[in-house]
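All remarks here apply to the structure that follows.
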Amino acid sequence: MEHCSAVMKAVLFLTISVYLSLAEFTAVSLVDGEVSEYYDSNIRKTIPKTEWIKKVDADDPYYWYRETQVWNDEQEWLKHDVVTALIRLKEFTLCS
């Protein structure tokens with residue numbers, strides 16, 4: 001009996017930018033090195049990028065809505081974390 005297995009590599013990139021020409025927050029999901037979905041704070045919507053992932057909504061019509069909500073929440077959490085880190089860094093450098 002032959003054993004078959006598949007390995008999927010998923011990678012997530014998050015960026016924060018203070019430059020006005022770029023989105024403040026960008027999330028890109030990669031599966032096996034291929035961009036599968038994209039979200040940024042300018043469009044505030046998750047965009048499927050591969051044909052196979054575009055088919056997800058056939059089984060779950062609210063999938064992309066939920067994904068967008070997840071990224072909206074992550075964006076707010078990350079902004080909060082960055083502000084907190086900057087405040088603590090400023091406090092640390094003032095005390096040093």
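Please compute the modelled spin-label separation between V28 and K45, points set 7 Å along Cα→Cβ, answer in nm with one decimal. The answer from the label model is 2.0 nm. Computed from the Kirkwood radius of its Cα pairs, the Stokes-Einstein diffusion coefficient for segment 34-96 at 10 °C and 1.306 mPa s stands at 114 µm²/s.
Laboratory data are not the source of any read-out in this text; all were calculated from the coordinates shown. Computed from a prediction, not measured in an experiment: that's the story for all the values here. Because the Cβ atoms are built from the backbone with ideal geometry, glycine has one as well, and the counts that use them run over all protein chains shown.
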